[in-house]
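J.: Before I ask anything, here is the structure I am working with.
Just so you know, all these numbers are worked out from the coordinates, no wet-lab data involved. This structure is a prediction, so every number in the text was calculated from the model and none was measured. Methodologically, a virtual Cβ is constructed for each residue, glycine included, from the backbone with ideal geometry; neighbour enumeration extends over all protein chains shown.
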Amino acid sequence: MSDNNARVWFITGSSTGFGRSLVEAVLKHGDRVVATARKPEQLDDLIRQHPEAVKAVSLDVTDPNAVQAAVKAALDAFGRVDVLVNNAGYGAVGAIEEVSDEAIHRQFDTNVFGALNVTRALLPTLRQQRSGHILNLSSVGGLVSFPGSGIYCATKFALEAISEALAKEVEALGIKVTIVEPGAFRTDFNGRSLAAPETFIDDYASISGAMLQWLKDMDGKQPGDPDKAAAAMIQVVESDKPPLRLALGADAVGAIDAKLESVKAELDAWKQVSIDTAFEGAVIGTIGG
Ligand SMILES: NC(=O)c1ccc[n+]([C@@H]2O[C@H](COP(=O)([O-])OP(=O)(O)OC[C@H]3O[C@@H](n4cnc5c(N)ncnc54)[C@H](OP(=O)(O)O)[C@@H]3O)[C@@H](O)[C@H]2O)c1
């Protein structure tokens, strides 16, 4: 891609993991990037290497004023945004009863409201352009909810719901949406980005305690390579027919496959009970018109 038609990416959570890998891959690809991070100085090395192509911007996605300022900085620097990647996020671990109210709110503030803040701030620009692609970093946990990380999975389910509706709302405006669903990838996620409950309840030790231990034990050994995930995300953006959902990793594919099969089997097994709940003679429409 020549400089004239190089895409402009806007990526949240660019300090480590998927965000950092994607910033590097995008730059290698010849595109330009607004790399946002809570500590933008972590991107100084990339600015030195690509002073024209990367703009580092300070952004905590839970701060709506900072989101507005970051969008303005992006447009001032490059005049447009072609790809928004809502990547910033972390994982609350714990049984539903164990995670405190405050920790639940914090988890939704970052993983759901953070992505909403940035998306809603950029949509006017994308609509005006009549083009753009939004990539939302969900998880295999956005389709399958795991005991011991139900709050985290709830945030990713929410992100999937928002993305699925948004995709249809903006399709006619030339804007695409892709939900990215990684399995276990070797980033900082299983280390510093895991938030354990302040207090554990003994009754859940074999569930949330085991989940936390499993995640910690896997730290540094996850099968997924974030650089390969970044390449897959670029491939999606370059595709004429990008998918609504992209699972990443054989573990994600396996878990999603099993979920879809079990939903289908249960739907079929209870289909008659489900159907027999309408008023006699009622007209059955399609949900959503
Ligand atoms: N790795 C996996 O196995 C996996 C699997 C499924 C989904 N994911 C998803 O992938 C995304 C990226 O995580 P990762 O695996 O790359 O882990 P990571 O290396 O720990 O990166 C997490 C990133 O999110 C940023 N972040 C957290 N809270 C933020 C906030 N309030 N505002 C702005 N940035 C914030 C962190 O910034 P700081 O450096 O400032 O903390 C960091 O840049 C997350 O949404 C995660 O849920 C990861």
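J.: Which GluC sites (Glu not before Pro) in the stretch 200-289 sit in a loop by DSSP (not H, G, I, E or B) and have at most 16 other Cβ atoms within 10 Å of their own Cβ? Mind dumping the intermediate values first?
T.: Values: sites: 238, 261, 266, 280; in loops: 280.
Taking the stretch 200-289 and a limit of 16 other Cβ atoms within 10 Å, the loop GluC sites (Glu not before Pro) found are 280.
J.: At 15 Å minimum axial length over the Cα atoms and a Kyte-Doolittle cut of 0.5, report the qualifying DSSP H helices in the chain, or say none. Don't skip to the answer; put the middle values down first.
T.: Working: long enough: 17-28 (17 Å, 0.59); 64-78 (21 Å, 0.65); 115-129 (20 Å, 0.03); 150-170 (29 Å, 0.65); 226-238 (18 Å, 0.46); 250-269 (28 Å, 0.24).
Both cut-offs are met by 17-28, 64-78, 150-170.
J.: Which of 32, 80, 130 ends up with the largest GNM mean-square fluctuation for the chain, with Cα atoms connected below 10 Å?
T.: 130
J.: How large is Rg over Rh for the chain, taking Rg from the Cα atoms and Rh as the Kirkwood inverse mean of 1/r across Cα pairs? Intermediate results must be reported in sequence, preceding the final value.
T.: Numbers: Rg = 20.2 Å, Rh = 20.2 Å.
Rounded to two decimals, Rg/Rh equals 1.00.
J.: Return the single residue from 178, 125, 36 with maximal mean-square fluctuation; model: Gaussian network over the chain, springs between Cα atoms under 10 Å.
T.: 125
J.: Just want to confirm a number: the relative contact order over the stretch 3-275, from Cα pairs under 8 angstrom separated by 6+ residues, in percent. Walk me through the numbers before you get to the answer.
T.: Numbers: 489 pairs, mean separation 52.2, N = 273.
Across the stretch 3-275, relative contact order equals 19 percent.
J.: Same structure again: Of the trypsin sites (Lys or Arg not before Pro) in the stretch 153-246, which ones lie in a loop per DSSP and count no more than 16 other C-beta atoms within 10 Å? Intermediate values should be presented prior to the final figure.
T.: On the way: sites: 156, 168, 176, 186, 192, 216, 221, 228, 245; in loops: 186, 192, 221.
Listed in order of number, the matching sites are 192, 221.
J.: Subtract the Cα-Cα distance of residue 219 and residue 128 from 0.36 nm times their separation in residues, and report this length gain in nm to one decimal. Don't jump to the answer; show the numbers that get you there.
T.: Working: separation 91, 0.36 × 91 = 32.76 nm, distance 4.27 nm.
Extending this stretch completely gives an extra 28.5 nm.
J.: Continuing with this model, one more query. Taking the beta-carbon count within 10 Å as an exposure proxy, list 122, 75, 84 from fewest neighbours to most. Don't skip to the answer; put the middle values down first.
T.: Values: 122 22, 75 16, 84 29.
Fewest-to-most Cβ neighbours within 10 Å comes out as 75, 122, 84.
J.: Taking H as built 1.01 Å from N, whose amide H comes closer than 5 Å to the amide H of residue 54, not counting residues under 5 places away?
T.: Those lying under 5 Å, H to H, from residue 54 are 33.
J.: Okay, next question. Going by how many other Cβ atoms sit within 10 Å of their own, how do 218, 233 line up, fewest first?
T.: 218, 233
J.: With labels modelled as points extended 7 Å from the Cα through the Cβ direction, what inter-label distance (nm, one decimal) is found for residue 205 paired with residue 5?
T.: Each label point lies 7 Å from its Cα, and together they span 6.3 nm.
J.: Using the C-alpha gyration tensor of the stretch 58-189, what are the square roots of 5 times its eigenvalues, in whole angstrom, with the largest one first? Mind showing how you got there, number by number?
T.: Working: eigenvalues 149, 55, 29 Å².
Over the Cα atoms of the stretch 58-189, the ellipsoid semi-axes are 27, 17, 12 Å.
J.: Which residue, 114, 231, 132, has the largest displacement toward the positive end of the dipole of the chain when charges sit on each Cβ (Lys, Arg +1; Asp, Glu -1)?
T.: Farthest towards the positive end: 132.
J.: Moving on. Once label points are set 7 Å from the Cα along Cα→Cβ at both residue 282 and residue 198, what is their separation, rounded to one decimal in nm?
T.: Computed distance between label sites residue 282 and residue 198 equals 4.6 nm.
J.: Using the Cα centre of the chain as the reference point, and only Cβ charges (+1 on K/R, -1 on D/E), how large is the resulting charge dipole? Debye, rounded to the nearest 20.
T.: The dipole magnitude comes to about 1040 debye.
J.: Moving on. Take a quick pass over the chain and tell me how many lysine pairs come in under 14 angstrom between Cα atoms, counting only ones 8 or more apart or on separate chains. Could the numbers behind the result be given before it?
T.: Details: 28/228; 39/55; 55/72; 168/176; 176/241.
The result is 5.
J.: Sticking with this one: Across the stretch 172-180, in residue order, what do the Karplus-derived ³J(HN,Hα) couplings come to in whole Hz, using 6.51 cos²θ - 1.76 cosθ + 1.60 with θ = phi - 60° and x for Gly and Pro?
T.: 5, 9, x, 10, 10, 10, 10, 9, 9
J.: Right, something else. Using a Gaussian network model on the chain with a 10 Å cutoff between Cα atoms, which of 203, 276, 60 fluctuates the most?
T.: Result for the chain, Cα springs under 10 Å: 276 fluctuates most.
J.: Can I ask one more? What number in nm² do you get for the stretch 1-74 if you take the convex hull of its Cα atoms and divide its surface by four?
T.: Values: hull surface 18.3 nm².
That works out to 4.6 nm².
J.: Over the stretch 186-289, what is the mean sequence separation of C-alpha contacts under 8 Å (at least six apart), divided by residue count, expressed as relative contact order in percent?
T.: Details: 26 pairs, mean separation 26.7, N = 104.
Relative contact order here is 26 percent.
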